[in-house]
Structure formats: structure tokens, C-alpha cells
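S.K.: Sharing a structure here in C-alpha cells format.
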Amino acid sequence: MGYSNQTGVGQFITAFGQGFVQTRIEILLAFLFVIVLIFVFFLAIASQKRKALRVIAVHSRQMFEHLIIALHLDAPEAALLGRLSRSIDKGESLHSLLVSHHVFDACARKMRQQEHSSDTHLDALRLKIGFRMTEPEEVPGSSSELAEGSPVLLVAGSKSRFGGRIVSQGPNAMLVDLDAGSPPLAKDSKLTLYFHNAAGIFSFPTRVTEIMQDAIRLEHSSQITRHQRRKYYRRSEFLPVYLKPLAVGAMPMKTSLIDLGGGGASFQNPKGLFKEGELLEMSFSLEKTALTVLARVLRLSRIGNTIRVKFESLSEKERDLIMSFLFAQSERK
């Protein structure tokens, strides 16, 4: 009786265990079922993503058309935008052409390469949209983005150099006031215009489109070349300068500038008194204009007889004054 019970229990366990033993076909079917579930899952995600992209594209198109109306763009300008949109990078929204000057400039570069088209209509469109340089360290995509009031240096031929200042921007040209003593120019004269911002020194070729009293209109250009990658232009200038430590009763000491720029200067260290990190008051004259600025000593030469300082309290008006002076000095060389 005991043996019979044990045999029955053993048979039951064996039968129960065999219920969990799957054949190869069953395993394969289960595996395929999981694969199908994963495929359906990713298919659903892809479908939702495509649907979302279509919705975004529709909204972007609606925004694009709304901005065309809001900016009062005419049919030729809208057609030019359509040609630009063919060069837009994958993933960029259509309306970004009208809200991002980076996207606009990238498409303009591609379109010029593909169509060899003129910059004139692109510059006029860029100006009408309202693109301006918002950050001083950026490289402009066109001369139409230069700020009104910016000092410039104009070069005619190999030797004739004269200064000026941008007065206003127009759709096809900019108005530039010329400094006193500038040489006479003729309409259609070809010039090279140099300008600066915090990203460096740049130039572009241009042409005189109109002669006015003490001013000229210059054709816009997108062929902008960078010449110097320093934050502010600097040149050798041997001018007298007075340095005064920020201490009660301190007396100013006279020394000489070695070079001057929009962000700082170098000069001889009088009696080796100034140390790295020290703040000092710096006074000098640019022709008939006297400047007093706060400067910090950045570094000294190996033997300590030359100091390099960074301006700490320079207004944009004072910086433009320095840059205009340096450009005028370049003109005279």
C-alpha cells in the first residue's frame, strides 16, 4: 500500500513537471510573439511622432504665413523666402526663417552657392524682416546688420584710407558720414569697408551708390571676411598717460602707452611700482578728448617693466571714441 502511494505521488509530480516543459516550437512562437509586440510598440511610437511632426509643420506654416502678412512682405519677397526655404536644414521649422537670423543667414549662404544670386534682394529682405545683431560677439551675416553709429574705416585702392560712421541703414545701402579731410569719391567707386565688434575685425567689398555732402551711400554686402579674432582691435600707440593708484593721497605718475585697444592697453611700468591685480586710474588724451578710466593690471612682463591692463569702467561711447581714434590713426599710416 505504501509503495503504491509513493508510485502514484511520483507519477503525479512527473506529470505536473511535464506541464512546464515547452517544446522548441512553443518557445519560438513565444519569442516571435514578443518580437511582434515590440515591433507594434515602436510602430505606434513612430506613428505618433510622424503625427506630431505633421502638426508642428502645419503650425509652423501657419506662423510663417502670419509673419509674412505681419511684416508686410510683398509677392516677390515671399517668393524669395520660398527659394530660401529649400535650403533650410532638416529639423528646422519653416517660420524660423523669419525669426532667427542664424537660420536666415545659413539658407542665404546655401542659396548663393546654388543659384549664384545677388545679395541685394537678400539684404533688403533681411532689413525688412528686422534682423539686427543682438550680441556684440557675433559675426554679422550682412552689412545691413551693422548698428547705426558704428565707426568704420574705408579703403580706396592701396593707400587711400579714411574714417566714417554709419548714420542709417536702408534696404539696399547704408548711409555713411565721412570724416573731415576724406578724399573726393565718384559714384560706383569700389571700396573696402572695415568695422569691428567684440568678435574681431571684419571687412567687406562695397560700392558707392550715391554721393552726398560729407556722406556717401554704400551698397550692402554679405561677403564679410574676419581679419582678427581678438575681442577688441589694438594697435601700437606711443602716447603719454598718467597712472594713479587707488589710494588716499596717491599722486599720478607719468608714463607712455605702448599699445591701445578697445578693451585695454599696455604701457611702461613707472619705477616698477604696479603689481598684478592692482586697480589704478588711467588718464590720457586722444587728440582733443581727455579720458579717465579705471583699469586692472592683468600681467607684467618678465622683468616687470611693462604692464598690460584691462579697462574696468569703459562706457560704449568711450570705447567707440578709442576705436574711432585707432581707425583714424590707421588711415594716416
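The values are calculated or read from the model by the stated rules, or taken from the named source; none is laboratory data. In this text, all values refer to a predicted model and were calculated from it rather than measured experimentally. Here Cβ is always computed from backbone atoms with ideal geometry, including for glycine, and neighbour counts include all displayed protein chains.
S.K.: Name, by its number, the condition in (1) β-branched (V, I, T); (2) touching a Gly at 6+ places or on another chain (Cβ under 8 Å); (3) modelled with pLDDT under 85 that does not hold for V248.
M.R.: Here V248 clears every test but (2).
S.K.: Still on this structure: Does G262 satisfy the condition of being in contact with a helix residue (DSSP H, G or I) (Cβ under 9 Å, 6 or more places away or on another chain), in contact (Cβ under 8 Å) with a residue 40 or more places away in the chain and not β-branched (V, I, T)?
M.R.: Working: in contact with a helix residue (DSSP H, G or I) (Cβ under 9 Å, 6 or more places away or on another chain): yes; in contact (Cβ under 8 Å) with a residue 40 or more places away in the chain: yes; not β-branched (V, I, T): yes.
Criteria met by G262.
S.K.: Which one of these does L260 not meet: (1) surrounded by 13 or more Cβ atoms within 10 Å (Cβ to Cβ); (2) assigned to a loop (DSSP other than H, G, I, E, B); (3) of a type in the set (A, V, I, L, M)?
M.R.: The one condition L260 does not meet is (2).
S.K.: Looking at (1) under 22 Å from the mean Cα position of the chain (by Cα); (2) closer than 21 Å to I322 by Cα; (3) at pLDDT below 85, which one does E145 not meet, given that it meets all the others?
M.R.: Status for E145: all satisfied but (2).
S.K.: Just checking, which of S160, S168, S182, S189 is without any contact (Cβ under 8 Å) to a residue 60 or more places away in the chain and in contact with a Phe, Trp or Tyr (Cβ under 6 Å, 6 or more places away or on another chain)?
M.R.: Among S160, S168, S182, S189, only S182 is without any contact (Cβ under 8 Å) to a residue 60 or more places away in the chain and in contact with a Phe, Trp or Tyr (Cβ under 6 Å, 6 or more places away or on another chain).
S.K.: Separate question: So, of the residues in segment 168-226 that are in contact with a helix residue (DSSP H, G or I) (Cβ under 8 Å, 6 or more places away or on another chain) and β-branched (V, I, T), which turns out to be farthest from L146 (Cα to Cα)?
M.R.: Restricting to residues being in contact with a helix residue (DSSP H, G or I) (Cβ under 8 Å, 6 or more places away or on another chain) and β-branched (V, I, T), the top hit is T206.
S.K.: Of the conditions (1) touching a strand residue (DSSP E or B) at 6+ places or on another chain (Cβ under 9 Å); (2) surrounded by fewer than 19 Cβ atoms within 10 Å (Cβ to Cβ); (3) of a type outside the set (K, R), N269 fails just one. Which one is it?
M.R.: (2)
S.K.: Going through V36, V55 one at a time, which residue ends up being surrounded by 10 or more Cβ atoms within 10 Å (Cβ to Cβ) and either modelled with pLDDT under 80 or of a type in the set (K, R) (or both)? Quick ask: steps written out before the conclusion?
M.R.: Working: V36 fails: either modelled with pLDDT under 80 or of a type in the set (K, R) (or both).
Exactly one residue qualifies, and that residue is V55.
S.K.: Given the conditions (1) over 22 Å from L127 (Cβ atoms); (2) at pLDDT below 85; (3) among the small types (G, A, S), which single one is not true for G170?
M.R.: (1)
S.K.: Can you work out which of the residues in segment 157-188 that are of a type in the set (G, A, S), surrounded by fewer than 17 Cβ atoms within 10 Å (Cβ to Cβ) and touching a strand residue (DSSP E or B) at 6+ places or on another chain (Cβ under 8 Å) is nearest to V103 (Cα to Cα)?
M.R.: At the first step, the residues of segment 157-188 found to be of a type in the set (G, A, S) are 157-158, 160, 163-164, 168, 170, 173, 180-182, 186.
This time we only want the ones that are surrounded by fewer than 17 Cβ atoms within 10 Å (Cβ to Cβ), so: 157-158, 160, 168, 170, 180-181, 186.
Next, only the ones that are touching a strand residue (DSSP E or B) at 6+ places or on another chain (Cβ under 8 Å) stay: 168, 170, 181, 186.
Numbers: S168: 25, G170: 22, G181: 41, A186: 37 Å.
Looking at the filtered set, the residue picked out is G170.
S.K.: Restricted to segment 298-333, and to residues that are surrounded by fewer than 13 Cβ atoms within 10 Å (Cβ to Cβ) and either part of a helix (DSSP H, G or I) or β-branched (V, I, T) (or both), which residue is modelled with the lowest pLDDT?
M.R.: Top of the filtered list is R332.
S.K.: From L175, L185, grab the single residue that is outside the structural domain of M111 (by TED's automatic domain parsing), modelled with pLDDT of 85 or more and not in a strand (DSSP E or B). Before the answer, list the steps.
M.R.: Working: L175 fails: not in a strand (DSSP E or B).
None of the other options fit; the residue is L185.
S.K.: Pick from R207, R234, R217: which is modelled with pLDDT of 85 or more and crowded, with 17+ Cβ neighbours inside 10 Å? Walk me through it before giving the result.
M.R.: On the way: R207 fails: crowded, with 17+ Cβ neighbours inside 10 Å; R234 fails: modelled with pLDDT of 85 or more.
Just a single option satisfies the conditions, and that option is R217.
S.K.: Tally up the residues in segment 76-106 that are within 21 Å of P140 (Cα to Cα) and part of a helix (DSSP H, G or I), please.
M.R.: 14
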